[in-house]
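Take a look at the structure set out below.
We did not get these values from a lab; they are worked out from the coordinates using the rules stated. Values in this document were obtained by computation on a predicted structure and should not be read as measured data. With ideal geometry, Cβ positions are generated from the backbone for all residues, glycine too; neighbour counts draw on all protein chains shown.
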Ligand code: CA
């Protein structure tokens, strides 16, 4: 079997209502999807993470110009070999950001392809399923005006609860005073309802403000406090982790075993959050999971991409060992972005569903998805 083509599909869709996270206003949804095609008719799908502000054309260009020539003609089952080839050949201009996101997309597609070749779900190729279902957490609470949206956000929490979510992640980072007003109101509204909250400031603060917010968060028994400071500020992470009781999470903007070596080796986080479309794909996630296990740090993948990235996330979550073994050990949870996104439900023939508060992990071959060509055509930009 040989790789005979690598196709990139850039999708975009304007949002009816733009929303803000702490780093800016999101006006459109974007996705960079990749399709790796072989001479035997098998194909695999992957995705490069394109967060709300990132032009999807960057990763697309890296795939087309830098990576495609490195994998054409190769055996797609040589996944680890190809990962190192792609990483080494782009090292001098890559290592982080969109180039690694591009590697991630091809790597994800190779795992999907291998699953189709062996007729096994990816989680089985990774060593088997530690779990067959995962509890999703609602990501949302974006701002549509900016500040002063406490009441609307409390209503949103009630909406997530009514939809069956017991875990919710509140976006903060819009000013410490506003953040405190919002999180205290949501926590009060959800009290006694079996809800666990997390927060995410998307590195909207420096250490002093992050700590000031963190002191208030410490009273709320959160599951985690995500990206409190910039990903470069490992000293800041360590300081917050030492001074706060709330578990510190981060890693969606870190890449490969080399980047995560520093985050884990410094014990900068309690929970590490590689994004499969950005960290270097499923191969890198496997490296990172082994590193994290050795350091006694939990892995909980981040996912904000399309249905392709969601499917990859589910497969990896199935294959993650618990970090601290116990009868009632803490399992990873699935990020389930509740904001409007046409490339999720409409992109695959069997979108993920929540049943009784859990998402079932597919055991179909590969990533367990079938991509709908009509949706690709509907949102394609070239
Ligand atoms: Ca985040």
Legend entry - In nm, spacing of pseudo-spin labels at residue 345 and residue 4 (7 Å Cα→C-beta vector): 3.8 nm
Inset, instruction - Round to the nearest 0.05 the FRET efficiency obtained for residue 355 and residue 89 when R0 = 51 Å and r is the Cβ-Cβ distance. - result: 0.70
Legend entry - Exposure proxy order (Cβ contacts within 10 Å, fewest to most) of 379, 358: 358, 379
Inset, instruction - Calculate how steeply helix 207-217 sits against the longest principal axis of the alpha-carbon atoms of the chain, using the helix alpha-carbon long axis, and give the answer as 0 to 90 degrees to the nearest 10. - result: 70 degrees
Legend entry - Cα-only Debye scattering, region 95-204: base-10 log of I(q)/I(0) at q = 0.13, 0.15 Å⁻¹: -0.71, -0.80
Inset, instruction - Kindly provide the helix-only [θ] at 222 nm of the chain, computed as the sum of -39,500 (n - 2.57) over DSSP H runs of four or more divided by all residues, to the nearest 500 deg cm²/dmol? - result: -11000 deg cm²/dmol
Legend entry - residue 242 paired with residue 212, simple spin-label distance in nm, labels 7 Å along Cα-to-beta-carbon: 2.2 nm
Legend entry - Protection-proxy order for peptides 211-221, 41-51, 332-342, each taking the mean of Cβ atoms within 10 Å per residue, highest first: 41-51, 332-342, 211-221
Legend entry - Neighbour-count order for 343, 130, fewest beta carbons within 10 angstrom listed first: 130, 343
Inset, instruction - Mind giving me the FRET efficiency for residue 181 and residue 294? R0 is 41 Å, r the Cβ-Cβ distance, nearest 0.05 is fine. - result: 0.50
Inset, instruction - Output the peptides 107-114, 66-73 sorted from most to least packed, where packing is the average of other Cβ atoms within 10 Å over each peptide's residues. - result: 107-114, 66-73
Legend entry - Of all DSSP beta bridges in the chain, antiparallel share, percent nearest 5: 55 percent
Legend entry - Additional length obtainable on full extension of the chain from residue 382 to residue 145, 0.36 nm per residue less Cα span: 82.1 nm
Inset, instruction - Sort out for me the Cα centre separation of region 168-199 from region 309-366, rounded to whole Å. - result: 24 Å
Inset, instruction - Using only Cα atoms, find the angle between the long axis of helix 176-190 and the longest principal axis of the chain, and express it within 0 to 90 degrees, rounded to the nearest 10. - result: 90 degrees
Legend entry - Rounded to 10°, Cα long-axis angle of helix 307-318 versus longest principal axis of the chain: 80 degrees
Legend entry - Per-selection Kirkwood Rh - region 3-119 (Cα, Å, 1 d.p.): 14.7 Å
Inset, instruction - Please arrange 243, 169 by counting, for each residue, the other beta carbons lying within 10 Å of its beta carbon, fewest first. - result: 243, 169
Legend entry - With 10 Å bins from 0: P(r) over the chain, alpha-carbon pairs, percent: 5, 25, 35, 25, 9, 1
